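The values are calculated or read from the model by the stated rules, or taken from the named source; none is laboratory data. Note that the coordinates shown come from a computational prediction; the quantities given were computed from them, not determined experimentally. Please note: Cβ atoms are built from the backbone with ideal geometry, for glycine as well, and neighbour counts cover all protein chains shown.
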Amino acid sequence: MYKLLHMNDVVRIPPEKFGSPLEQVAAEVLRSTFEGVVMREFGAVLAVFNVQVSNVGKILAGDGGIFHRTSFSLLVYTPMIQEVVDGEVVEVTDFGVFVRIGPMDGLVHVSQIIDDFITYDAKRGALIGKESQRVLEKGVSVRARIITVSLSGGASRGSKIGMTMRQPYLGALSWIDDDVKKSRGEKVGPQPRKDDKKAEK
């Protein structure tokens, strides 16, 4: 879920920036501090904007900078438990797939992909259902539900998002289309492989 947050903080303006516009320098400092960082309570910070700075600064003994109170807005992405999200498979392993959702990646463990026995085709880089012959490989668009979230402050790599696709109308978007057709009594043909689609074009 994307959120817009309004924040207040104190920004240190370094001496070498005293001749530059105050709001411009404050915005630069705030962007370097917050953008690209994961905050445990809010999620991944994507952008800082609407920066407003108090004209009155404070000087601390032993520090050449000036400290100004600021207010600003943050655009953040906060993964929410039970949220249904669309994403793209960016990596396939023998234990599951990593799905890009917004600025973060979530893991769908092999046990949470489909109600079928799954084999890993290392050569193709794909997970394949034995009975259904449904395939997950890099580049496939999927829909999943977030079931666990563990955010660590700092870089997004330390954060963990667990997801499931073993619920009705979740999984690869092509699977969902097939399931909808089946529910309407329509015929569903065999799934073309990605390289077959390229050959058709």
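The table that follows gives values for the structure above.
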quantity: Pair list, Cβ under 9 Å, 6 or more apart: region 58-85 residue without any contact (Cβ under 8 Å) to a residue 40 or more places away in the chain, other residue in a loop (DSSP other than H, G, I, E, B); calculated: Ile59/Gly65
quantity: Failed criterion for Ser111 (all others in (1) in the same structural domain as Ser150 (by TED's automatic domain parsing); (2) surrounded by 13 or more Cβ atoms within 10 Å (Cβ to Cβ); (3) over 19 Å from the mean Cα position of the chain (by Cα) hold); calculated: (2)
quantity: Restricting region 85-110 to residues that are small (Gly, Ala, Ser) and assigned to a strand (DSSP E or B), the residue that is farthest from Glu137 (Cα to Cα); calculated: Gly106
quantity: Sole residue being under 30 Å from the mean Cα position of the chain (by Cα), in a strand (DSSP E or B) and not assigned by TED's automatic domain parsing to the domain that holds Ile146, chosen from Val53, Val11; calculated: Val11
quantity: Residue within region 23-32 that is assigned to a strand (DSSP E or B) and either within 26 Å of the chain's Cα centre (by Cα) or at negative phi (or both) present; calculated: no
quantity: Residue match in region 140-160 (condition: over 18 Å from the mean Cα position of the chain (by Cα) and free of Cβ contacts under 8 Å to residues at least 60 places away in the same chain); calculated: no
quantity: The one condition in (1) more than 30 Å from Val37 (Cβ to Cβ); (2) modelled with pLDDT under 60; (3) in the same structural domain as Lys138 (by TED's automatic domain parsing) that Gln191 fails to fulfil; calculated: (3)
